[in-house]
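The values are calculated or read from the model by the stated rules, or taken from the named source; none is laboratory data. Keep in mind that this is a model prediction, so the values were computed, not measured. Virtual Cβ from ideal backbone geometry, glycine too; neighbours counted across all protein chains shown.
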Amino acid sequence: MADSSLHPDSEQISPSLDRHTDAEFQDPEVLYRNEQFVMTQMGVSFAMILGMTFGMSGLTIAFMSDQVKGLEVVGWGMIIFTLSSLLHLLVSRIWSGHIETRAITRNGYLLVLSLLSATVYLYALFSDTVYVFMGFIAANVYFPLFGRFILSIEPPPPPLRQGGFNITPFSRVALAAIVLLGIIIGMGVGMSSSGSQSTGRGLFARQIVVRKIEHSRKSIHMIVFRFIKPYRILEALSEKAHSGVKVEVLAMPDTFKKDPSSLATLQSAGIPVRILPPDTPKWLRPYSIIDSRILLQGSRGWADTPVPFQKQLSVQSSMLLFERIRRMDFNFRVFWEHSHPISPSGSAANLPVPR
């Protein structure tokens, strides 16, 4: 009896709703408004796809040549994706007049995790950590989490006439386009980037060194055997030290004897300079680490010139070389702790080695 009393009621409600829905969406004016709404949402969805494409391009650039530029490109992608996602929500809210408030509580963990991912990315971008890959992992986690949260609190789009369609950034077609276009654009930018390259010595090499120093944000660690025409390099180091960048220079004992004026210039700018101990390993070659993520080796500007391959400047910033860059940065810190500081009087000969 209970079933028989409920069943007729449900039959009476459903047909009336269906008839109202059919009548509403057969109205050409309503169909036109719905199509305008969906077209607007599709345009915003393409902006979200563009942001995710930037993310894939940045990842490709990081693997190809330059993890610093790649991380910045990913950041622009996150900005575009975030703004377009919020605009997507605003368009849906204006059209439907509401959002799914229950979904905010139910899927709030997606928002929390996406904010944590954004925090990790910002740390990797603005700190001098050598673990730059954390930023790329966090960004690739941020895109789906934040996007899914925004889409989950939007009401369903209205039905369209037969043959109409809508697109979202997470459809298979969109994801395939993001991966393909991101890789193509990233390869093009990566090939034109100077993030990883080998070039000759002389003025051109010194210009690259100066440019990398000028773009540093947190730290510059440099081991030199001698300076040759060092004016622009010394000036760039002094300017970065005055701007708050942590600059540390290690020099060979011969450098202290043959080129004391360059070291004195660094000291006068407040840059700490230390002399490497006599038992320095023979495999050590001059190099510089910028922000713990860019490795510069060679060029006659600071190289041990009898070594032929050191006459070329090698710039290494690919994420594939992460372990090499990390190891060289660690070696510098070890050498720094076991080197002689130069005394104010300009003599380092009799100073004890720090323990």
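Going through 129, 82, 105, 119 one at a time, which residue ends up being more than 22 Å from the chain's Cα centre (by Cα) and polar (S, T, N, Q)?
Only one candidate passes the filter, namely 105.
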Count of the range 253-277 residues which are under 17 Å from residue 231 (Cα atoms), among the charged types (D, E, K, R) and not in a helix (DSSP H, G or I): 1
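Let me confirm something: among 124, 138, which residue is surrounded by 19 or more Cβ atoms within 10 Å (Cβ to Cβ), assigned by TED's automatic domain parsing to the domain that holds residue 170, modelled with pLDDT under 95 and part of a helix (DSSP H, G or I)?
On the way: 138 fails: modelled with pLDDT under 95.
One residue alone meets the criteria, 124.
Looking at 243, 262 in this structure, which one is at pLDDT 85 or above and either in the same structural domain as residue 65 (by TED's automatic domain parsing) or out of contact with any strand residue (DSSP E or B) (no Cβ under 6 Å at 6 or more places or on another chain) (or both)? Write out each step before concluding.
Working: 262 fails: at pLDDT 85 or above.
Within the list 243, 262, the selection yields 243.
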All helices (runs of 4 or more DSSP H) inside the range 1-99 with 2 or more residues being among the hydrophobic types (A, V, I, L, M, F, W, C) and at pLDDT 80 or above: 28-64, 67-96
Set 117, 65, 85: member being hydroxyl-bearing (Ser, Thr, Tyr), surrounded by 15 or more Cβ atoms within 10 Å (Cβ to Cβ) and over 23 Å from residue 318 (Cα atoms): 85
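Tell me whether the range 296-311 contains one or more residues that are at pLDDT 80 or above, under 24 Å from the mean Cα position of the chain (by Cα), among the aliphatic types (A, V, I, L, M) and buried (at least 22 other Cβ atoms within 10 Å of the Cβ). Steps first, answer last, please.
Here is the first cut: in the range 296-311, the residues at pLDDT 80 or above are 296-297.
Narrowing further to those that are under 24 Å from the mean Cα position of the chain (by Cα): 296-297.
Applying the additional criterion that residues be among the aliphatic types (A, V, I, L, M) yields 296.
From the residues that got through so far, the ones that are buried (at least 22 other Cβ atoms within 10 Å of the Cβ) too are 296.
Yes, the range 296-311 contains at least one residue that is at pLDDT 80 or above, under 24 Å from the mean Cα position of the chain (by Cα), among the aliphatic types (A, V, I, L, M) and buried (at least 22 other Cβ atoms within 10 Å of the Cβ).
Right, residue 280: assigned to a helix (DSSP H, G or I) and more than 31 Å from the chain's Cα centre (by Cα) or not? Quick ask: steps written out before the conclusion?
Details: assigned to a helix (DSSP H, G or I): no; more than 31 Å from the chain's Cα centre (by Cα): yes.
The answer is no for residue 280.
Go over the candidates 97, 75 one by one and state the one that is of a type in the set (Gly, Ala, Ser) and touching a residue at least 12 places away in the same chain (Cβ under 8 Å).
Numbers: 97 fails: touching a residue at least 12 places away in the same chain (Cβ under 8 Å).
None of the others qualify; the one that does is 75.
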